[in-house]
1. Would you please give the residues with an amide H less than 5 Å from that of ILE335, counting only those at least 5 places away or on a separate chain, with H modeled from the backbone geometry?
2. What are the principal axis extents of the Cα atoms in segment 305-377, in Å, biggest first?
3. Tell me, what ³J(HN,Hα) does each residue in segment 313-328 have, in order and in whole Hz, if you take phi through Karplus 6.51 cos²θ - 1.76 cosθ + 1.60 with θ = phi - 60° and put x for Gly and Pro?
4. If packing is taken as the average count of other Cβ atoms within 10 Å, what order do 238-247, 350-359, 375-384 fall into, highest mean first?
5. Tell me which residues come under 5 Å, amide H to amide H, from TYR320 once H is placed; ignore anything under 5 positions away on its chain.
6. Calculate, for ALA191 and ARG136, the FRET efficiency according to 1/(1 + (r/R0)^6) with r their C-beta to C-beta distance and R0 51 Å; round to the nearest 0.05.
7. Ignoring everything except DSSP H segments at least 4 long, calculate the 222 nm mean residue ellipticity for the chain; use -39,500 (n - 2.57) per segment, divide by total residues, nearest 500.
8. Take the Cβ-Cβ distance between ARG284 and LYS92 as r, set R0 to 30 Å, and report the resulting FRET efficiency rounded to the nearest 0.05.
Amino acid sequence: MAGEIKMAKSKLNKFILKSDYSRRYPDPLNKTEEGDPYNIEHHILLCKALDVPSGISKDPNPRDQRIDVGIYKDIQESLEDSGDPTFHLKNKGITVLAHHVDYSEDKRVVTVYLDQDEGIVDGGHTYEIILNAQSRGACPEEQYVKFEIITAVPLSLRVDITRGLNTAIQVQEASLANLDDKFEWIKNTLADMPYAEQIAFKQNERKPVDIRDIIGYLTLFNVEHEAFKNGKHPKEAYVSKAKCLQLYLAAQESYEMLRPLLKDILYLHDYIHIRSREMYNADRGGRAGAMKGVFEHKDENSRKNFQFIFINKEGKDKLYDGALFPILGAMRFLIEKKPGENVYSWKLKSFADVKSFFDKIAANMIATTYNTSLIYGKKPNAIGKDDNHWDNLYKTVALAYLQRNNK
């Protein structure tokens, strides 16, 4: 057994933290009786900022770090103020997903082992600010920073954890973009729709749809964006709203080419939620709503149904996002930029044809999605990150289109 552990460690990256204070505790999920057993642990460490090591992976973090903007300058000033050693109380610290950790006998030296795609999931800006202060000799001896190391997190939970921890700055960036009129074309295009007032463009607006959601849906169809050429699928739409917002702000013109299709894309989003289940049941004589890991179901006694505001309907069932996004994204095969035009249009004659086209392939799309979910123990998050699954669905749409045109 020891040999196996040693061999496993040799394949992992590691870094060492010196901690003056540490605490570890198991996660409440470990006690759940449903599904696979969990063995998640939390390790809370208070480390001197001066001792924070360089080279910790930031692969899971959805944002590039910019420390030259206002909010991060305030963090830097707080860190470098040697007369006020309360940085660890004002800053939420750094969160790391890791494989496991080892403690020294006195608990003051912690070795953190990282598997592929593990590392800092939140606090990347704090980390860069600390390293920058160290490099300039401006990091006071008295300042501490909190690390939370979360070990043994299943792949199926990592996306949601990353999303949840990286929300605040995303919202602020979207609010600033709104103040800079970056979304005016979206507001103007949707102004006559009944759901226009249900879209939140500013921070702290309590509305069912966030502008970052809209940007994510558009990202699925932005075939001209440099990030998605050469056969690359737009998984960012599912994995990171922050990344989609960055892509939008860097190439807004390419998104505006979708103006004629914006209403259709939003309608299609809700249409797929509803029709995929109906068409699978009609074609296969099955109960798609019972597909665990593909469809989310509201209990019959639930007072609230799922709301599909883009299509003005509600229902007891909807696709998990991990199942929906690859299906919706595959439909981008049906758009094109005609010669001499600078906007996108449907390859089919009308949006009614697009809906009819989806109805014919919906059962196959759901069957493929369910088969992929079985590979991952019916975990929807894993579906949304599977490159092969995105590719298979895209090819399903392409083949159906070619067969339709060759008849």
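1. Distant-sequence amide H within range of ILE335: LYS347.
2. Its Cα atoms span 48, 31, 21 Å along the three principal axes.
3. So the Karplus estimates, Gly and Pro as x, are 9, 9, x, 8, 10, 8, 6, 5, 4, x, 8, 5, 4, x, 5, 4 Hz.
4. On the way: 238-247: 23.5, 350-359: 15.5, 375-384: 20.3.
Final packing ranking: 238-247, 375-384, 350-359.
5. Under 5 Å from the amide H of TYR320: PHE295, GLU296.
6. Details: r = 50 Å, r/R0 = 0.98.
My answer for the efficiency is 0.55.
7. -13500 deg cm²/dmol
8. 0.05
The values are calculated or read from the model by the stated rules, or taken from the named source; none is laboratory data. What you are looking at is a predicted structure, and each value in this text was computed from that prediction instead of being measured. Neighbour counts run over all protein chains shown; Cβ positions are idealised from the backbone, glycine included. When the accessible area is computed, the model is the full protein with side chains, heavy atoms only, and any ligands, DNA or RNA have been set aside. Shrake-Rupley method; radii C 1.70, N 1.55, O 1.52, S 1.80 Å.
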